[in-house]
Amino acid sequence: MTISIREAVEGDAAMIASIYNQGIDDRGATFEREPRSAEDIAGKLADRERYPLLVICEDEVVLGWAGLSSYRPRECYAGIAEFSIYLDRSARGRGLGRQLLTALIDVARKRGYWKLVSRIFPFNTGSRALCRACGFREVGTYEKHGRLDGQWRDVVIVERLIPENVT
């Protein structure tokens, strides 16, 4: 079995959507409630030069994805990106998330980003541990940040500086 990480292409959109939809169904990684389609993902891939999206594959089968998205529209935040990472249920706990997030950080470094940020549900201990292992720090908690299934949810804020790009 060969593990590889590469930039996503439009042909990956259906599998990326499927993996993201697992995260939506599990209710442990996103406030989203509506499933995503391959067309939704293809739209995101259209801006992958600015906001790259990577996939991790085992023998060419996509097992996970990680991507960057806009943080804020103001010019002073141009070097900050939000990140997302999702693994297929069958791929969790195998160290693939660490490989994928490390690769995303490297791509962000090469594209000039100086900081990556995200928000994680406090009970998502796997994602929090992954972020710590990849050099992220928890900087606080947004209380009652959003409602999911009728319940208010807090989120833990994580950030990672990319020192080479902080000048």
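The values are calculated or read from the model by the stated rules, or taken from the named source; none is laboratory data. On a predicted model such as this, the values are computed, not experimentally measured, just so you know. Neighbour counts are summed over all protein chains in view; Cβ atoms, including those assigned to glycine, are modelled from backbone coordinates with ideal geometry. What goes into the accessible areas is simple: the full protein's heavy atoms, side chains included, and nothing from ligands, DNA or RNA. Shrake-Rupley method; radii C 1.70, N 1.55, O 1.52, S 1.80 Å.
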Exercise. Using the Cβ atoms and a cut-off under 13 Å, what net charge is assigned to the surroundings of F31, where Lys and Arg are +1 and Asp and Glu are -1?
Worked result: +1
Exercise. Taking θ as phi - 60°, what are the ³J(HN,Hα) couplings along region 53-63 by the Karplus curve (6.51, -1.76, 1.60), each to the nearest whole Hz, with x for Gly and Pro?
Worked result: 10, 9, 10, 10, 10, 10, 6, 6, 9, 5, 10
Exercise. Out of residues 5 or more away from Y71 or on other chains, whose amide H comes under 5 Å of its own, with H placed 1.01 Å from N in the peptide plane?
Worked result: E82
Problem set entry | Rounded, prolate or oblate (a/c below 1.5 giving rounded, otherwise prolate when a/b exceeds b/c) for region 28-69 by Cα gyration tensor | oblate
For this session: Amide H neighbours of A8 under 5 Å, at least 5 residues apart or on other chains, H built in the peptide plane: list them.
Result: L53, L54, V55
Exercise. Of the accessible area of the chain, with the probe set at 1.4 angstrom, what percent is carbon plus sulfur?
Worked result: 48
Problem set entry | Surface per residue (accessible, 1.4 Å probe) for region 1-106, Å² | 51
Exercise. So, counting K/R as plus one and D/E as minus one, what does the shell of residues with Cβ under 13 Å around R137 add up to?
Worked result: +2
Exercise. What nm distance separates the two modelled labels at R72 and A133, each placed 7 Å from Cα along Cα→Cβ?
Worked result: 3.2
For this session: In nm, give the distance between the simple-model label positions of K115 and L148, each being 7 Å from the Cα along the Cα-to-Cβ direction.
Result: 2.4
Exercise. Once you charge only the Cβ atoms, +1 for Lys and Arg and -1 for Asp and Glu, what is the size of the charge dipole of the chain about its Cα centre, to the nearest 20 debye?
Worked result: 680
For this session: Can you tell me how much longer the chain between V9 and T102 gets when fully stretched, taken as 0.36 nm per residue apart minus their C-alpha distance, in nm with one decimal?
Result: 31.5 nm
Exercise. Counting Lys and Arg as +1 and Asp and Glu as -1, what is the net charge of the other residues whose Cβ lies under 11 Å from the Cβ of F121?
Worked result: +2
Problem set entry | Amide proton proximity set for D154, modelled H, under 5 Å, gap of 5+ | K144, H145
For this session: Tell me what the chain gives for mean residue ellipticity at 222 nm when only DSSP H runs of n ≥ 4 count, each as -39,500 (n - 2.57), the sum divided by the residue total, rounded to 500 deg cm²/dmol.
Result: -8500 deg cm²/dmol
Seminar exercise, completed: Two pseudo-spin positions, 7 Å from Cα along C-beta at D25 and at S84, lie apart in nanometres by 1.7
Problem set entry | For region 112-167: accessible area per residue (Å², 1.4 Å) | 57
Exercise. Going from the alpha-carbon gyration tensor of region 39-167, what semi-axes, largest first and in whole Å, does one get by taking the root of 5 times each eigenvalue?
Worked result: 21, 21, 16
Problem set entry | J(HN,Hα) series, region 103-115, from Karplus relation 6.51 cos²θ - 1.76 cosθ + 1.60, nearest Hz, glycine and proline x | 5, 5, 4, 5, 5, 4, 4, 5, 8, x, 5, 10, 7
For this session: Kindly list the residues of region 1-33 that lie in the label zone of F123, defined by a backbone N under 18 Å from the point 7 Å along the Cα-to-C-beta vector.
Result: 22-33
